[in-house]
Amino acid sequence: MPILSLNAVSKSFGALKVTDNVSFDLAKGEALGIIGPNGAGKSTLFNLITGNVAADAGEITLEGQVITKMSAMQRCKGGIGRSFQIPQPFGALSVFENLLVAARFGGNVRAAEAPDFCMDLLSRTGLASRADTLAGGLPLLSRKRLELARAMATRPKLILLDEIAGGLTEGECGELVETIRHIHAQGASIIWIEHVLHALTNVVTRLLVLNFGRLLMIGEPDLVMAAPEVREIYLGIET
């Protein structure tokens, strides 16, 4: 059974159809990358999966359970964790306290277990040395790591990463990719939107291409990136 399934999911804002009859399955433990030009509907697709936006049509299931009508909080508690493109931590709280909030209210981690749970996550995401640092003063790489850690603190079955490598230097990107690779190797199911293609293809086993809200292609990364329609629409290379 796929961990996530979308069946003919569509969403319009007025006359603009931003998600058009999208269907795909994600296997448990798989890492799927999503690419496409700006305005292709990538973030809207994430919002439909997480419940931040309601679908107009179609069905979304998580481990066989229909979640299409569930609220964002219900989906979070049901096992969908997400990072956001622009990190927005609780700036006046420490890194540890940010994680504690996510663990207690998103992951239902018991109070007695939460401190050890959070410190383990900080170690896994490379933030243990910054546990007492105020989140508002973190450099970009650490803010991105905190986004990842907060998503994981909800104890997700599925992690959605929204351009988590954006804005990083090449070295910083490499560090973050290694962290994500390690998390995936431990069995995490991941869907990752990203414009930094070399980061994405170091982790994912399939690529999904969106264009004007429609699924253009899905398959192995090398085959997808070599496809003439992808090169023309996504990379701007005429064929």
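The residue pairs whose first member lies in the stretch 88-113 and is in contact (Cβ under 8 Å) with a residue 60 or more places away in the chain, whose second member is crowded, with 17+ Cβ neighbours inside 10 Å and in a loop (DSSP other than H, G, I, E, B), and whose beta carbons are closer than 9 Å, counting only pairs six or more residues apart or on different chains, are 89/138.
Per-residue answers, yes or no, for (1) at negative phi; (2) surrounded by 22 or more Cβ atoms within 10 Å (Cβ to Cβ); (3) at pLDDT 90 or above:
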| residue | (1), (2), (3) |
| --- | --- |
| 181 | yes, no, yes |
| 192 | yes, yes, yes |
| 202 | yes, no, yes |
| 208 | yes, yes, yes |
| 213 | no, yes, yes |
| 228 | yes, no, yes |
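Within the stretch 181-234, the residues that satisfy the criterion of being in a loop (DSSP other than H, G, I, E, B) and more than 22 Å from residue 18 (Cβ to Cβ) are 186, 187, 188, 196, 202, 203, 204, 205, 220, 227. Kindly check whether there is at least one residue in the stretch 175-182 that is assigned by TED's automatic domain parsing to the domain that holds residue 41, closer than 27 Å to residue 2 by Cα and touching a residue at least 40 places away in the same chain (Cβ under 8 Å). Yes, the conditions are met somewhere in the stretch 175-182.
Does residue 55 fit the bill of being of a type outside the set (Val, Ile, Thr), in contact (Cβ under 8 Å) with a residue 40 or more places away in the chain and either in a loop (DSSP other than H, G, I, E, B) or outside the structural domain of residue 20 (by TED's automatic domain parsing) (or both)? Yes.
Within the stretch 225-232, can one find any residue that is within 22 Å of residue 149 (Cα to Cα) and not small (Gly, Ala, Ser)? No; the residues of the stretch 225-232 include none that is within 22 Å of residue 149 (Cα to Cα) and not small (Gly, Ala, Ser). A count restricted to the stretch 136-167 and to residues that are outside any helix (DSSP H, G or I) and either in contact (Cβ under 8 Å) with a residue 24 or more places away in the chain or in contact with a Cys (Cβ under 9 Å, 6 or more places away or on another chain) (or both) stands at 15. Where residues in the stretch 106-135 are basic (Lys, Arg) and assigned to a helix (DSSP H, G or I), which of them is farthest from residue 75 (Cα to Cα)? The selected residue is 130. Against the conditions (1) modelled with pLDDT under 95; (2) in a strand (DSSP E or B), residue 21 satisfies every one except (1).
Among the candidates 236, 219, 174, which residue alone is modelled with pLDDT under 90 and surrounded by fewer than 17 Cβ atoms within 10 Å (Cβ to Cβ)? Let's see the steps before the verdict.
Numbers: 219 fails: modelled with pLDDT under 90; 174 fails: modelled with pLDDT under 90.
It is 236.
Condition test on residue 68, is it in a loop (DSSP other than H, G, I, E, B), among the β-branched types (Val, Ile, Thr) and either crowded, with 16+ Cβ neighbours inside 10 Å or not assigned by TED's automatic domain parsing to the domain that holds residue 20 (or both)? The answer is yes for residue 68.
The residue of the stretch 23-65 that is farthest from the chain's Cα centre (by Cα), among those that are of a type in the set (A, V, I, L, M) and surrounded by fewer than 18 Cβ atoms within 10 Å (Cβ to Cβ), is 57. Entry remark, the stretch 24-52: residues being among the β-branched types (Val, Ile, Thr) and either farther than 14 Å from residue 192 by Cα or part of a loop (DSSP other than H, G, I, E, B) (or both) number 0 in total.
Can you name every residue in the stretch 143-179 that is under 18 Å from residue 27 (Cβ atoms) and more than 10 Å from the chain's Cα centre (by Cα)? Spell out how you get there, then give the answer.
At the first step, the residues of the stretch 143-179 found to be under 18 Å from residue 27 (Cβ atoms) are 156-161.
Result: 156, 157.
The values are calculated or read from the model by the stated rules, or taken from the named source; none is laboratory data. Because the structure is predicted, anything quoted here is derived from the model rather than measured. Heads up, the Cβs are rebuilt from the backbone with ideal geometry, glycines too, and the neighbour counts pull from every protein chain shown.
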